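Reviewing the structure listed below.
The values are calculated or read from the model by the stated rules, or taken from the named source; none is laboratory data. What you are looking at is a predicted structure, and each value in this text was computed from that prediction instead of being measured. Glycine gets a Cβ as well: all are built from the backbone with ideal geometry, and neighbour counts include every protein chain shown.
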Amino acid sequence: MGKHSLPDSKMVISSNHEMLASIVGNIDEARQATIHHYHKSFRGFSARLTPKHVDQIKKIDSVVSIFESELLELHTTRSWDFMDATSNSIFSKFSVQEKYDNVIIGHFDSGVWPESPSFNPEGLGPVPSRFRGECEAGEQFSVWNCNRKIIGARYYYQGYEEDNGPLAANGNRYFLSPRDDFGHGSHTASTAAGSLVNSYKIPNVLETQTARGGSPNARLAVYKVCWFNLCSSADVFKAFDDAIDDNVDIITISAGPKFDKSSMKKYSYVEDMFTVGAFHAFMRGILTCASAGNLGEFGASSVVNSAPWVVTVAASYDDRNFPTLVELGNGVTLEGFSINSNQINDFTGLIAAISAAMFGVPIEAARYCKRNALDSELIEGKIVICTMESWDDDTADMASVVSDGGGVGMIVIDPNDQKPTDDYDIHVSVINSQEAKTLHNYLISTR
């Protein structure tokens with residue numbers, strides 16, 4: 001994965017094929033085995049190889065390093081307050097918003113939702129002429145989705161499919177394009193460079209405020225490398241190859257290798273595509289900022305993306321809580337979570353969703369508060385206890401099912417303690433497994 005001295009990209013690809021053909025048998029087989037060529041900013045390739053082929057390639061003198069592709073995990077707020085980069089601070093006014101108007105941020109994540117107000121290009125000047133990137137069209141994403149804010153967009157999936165199978169096999173919605181189908185990418189992109197969104201308000205929670213990223217006038221070059229919370233290192237490395245050649249100013253990524261607390265795996269810099277890619281960027285004057293991971297409770301050994309040429313930033317959960325309290329008839333109070341829950345001040349009847357199933361409907365469908373699964377005569381005027389089936393359940397849709405049936409509130413049991421941030425029209429409290437046990441014992445005691 002070294003810097004190449006060949007005159008153009010075509011010669012790099014040709015040379016890669018020749019090297020690979022000497023191992024797998026012929027040029028055609030070499031082409032079929034290749035996943036990505038890294039040919040713009042450095043030389044390398046990713047390919048489908050047997051252990052025997054790997055051993056043979058290691059013996060070639062010109063090979064700097066060879067390592068297996070792996071799947072990286074996405075990481076996860078008051079960072080700008082800590083840095084005194086608030087909208088009213090001197091730092092923000094004179095440095096972030098003026099001096100760095102034309103900074104180009106290369107953003108590696110799950111894509112972007114271009115219609116979000118955070119990516120409004122209003123007030124920005126022309127796209128910096130030094131930028132050499134592209135706006136790749138794809139599913140529900142056209143070249144018109146790029147603008148003076150989102151100045152470039154690319155997507156990569158070949159490595160993911162090689163590591164994890166076809167995207168379609170996952171069973172969840174996805175867009176084969178730079179469009180964000182997971183939400184993480186839009187979140188991190190707006191955190192870094194979100195435009196000013198005035199008069200923003202979360203109902204029942206905050207007064208009207210201004211939402212903004214750390215550098216609201218920066219430009220975004222989007223590189224979608226993550227699918228369903230996972231990112232192939234082969235695709236990430238290809239994004240580095242492109243981003244360096246596109247001439248971005250800085251690269252940000254909130255993902256990293258899986259942390260195995262049982263083996264405390266140590267990562268060698270020369271055997272990690274992320275750190276190698278970041279090194280090539282650094283040698284071209286492009287700094288990479290990356291998250292350190294979400295597992296700080298396991299100590300310093302859990303830190304990832306910590307190469308000397310990378311700015312490694314601690315990632316954590318929110319430093320705030322939005323408790324939604326539920327007082328039971330026996331005086332015990334459950335502490336749930338909800339961003340904007342309407343309040344119920346009077347004691348109201350409880351009913352478990354499985355006890356309110358429509359005739360002929362499977363109990364599991366009722367448990368998860370699926371549409372057309374609950375008997376409105378049984379839930380009318382009551383608080384319904386629903387359960388999340390998976391981490392990405394739409395709890396707002398569950399609340400809608402309860403509300404449409406005449407229910408006045410909902411308690412959601414979230415086994416994964418994900419704290420969903422959906423918007424609700426009725427009183428909702430999301431509780432974890434521990435609180436659910438307390439609730440279960442209460443229901444048994446009142447039978």
Scan of region 425-441 for residues that are under 16 Å from Ala353 (Cβ atoms) and either at pLDDT below 90 or surrounded by 15 or more Cβ atoms within 10 Å (Cβ to Cβ) (or both), ordered by number | Ile426, His427, Val428, Ser429, Val430, Ile431, Ala436, Leu439
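So that you can scan it fast, the table gives a plain yes or no per residue for (1) outside any helix (DSSP H, G or I); (2) on the phi > 0 side of the Ramachandran plot; (3) over 17 Å from the mean Cα position of the chain (by Cα):
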position	(1), (2), (3)
Gly123	yes, yes, yes
Pro128	yes, no, yes
Arg148	yes, no, yes
Ala153	yes, no, no
Tyr160	no, no, no
Ala169	no, no, yes
Arg173	yes, no, no
Leu176	yes, no, no
Asp181	yes, no, no
In this structure, is Lys149 crowded, with 21+ Cβ neighbours inside 10 Å, more than 30 Å from Ser69 (Cβ to Cβ), not assigned by TED's automatic domain parsing to the domain that holds His427 and not aliphatic (A, V, I, L, M)?
-> yes
Could you say which residue among Ala399, Ala356 is at pLDDT 90 or above and either in contact with a Phe, Trp or Tyr (Cβ under 9 Å, 6 or more places away or on another chain) or under 25 Å from Phe322 (Cβ atoms) (or both)?
-> Ala399
Return the total of residues in region 371-397 being outside any helix (DSSP H, G or I) and surrounded by fewer than 20 Cβ atoms within 10 Å (Cβ to Cβ).
-> 11
With a cut-off of at least 3 residues that are at pLDDT 90 or above, farther than 30 Å from Ile339 by Cα and of a type outside the set (A, V, I, L, M, F, W, C), name the strands (runs of 3 or more DSSP E) lying wholly within region 214-321.
-> none
For Ser65: the one exception among (1) modelled with pLDDT under 90; (2) not aromatic (Phe, Trp, Tyr); (3) not in a loop (DSSP other than H, G, I, E, B) = (3)
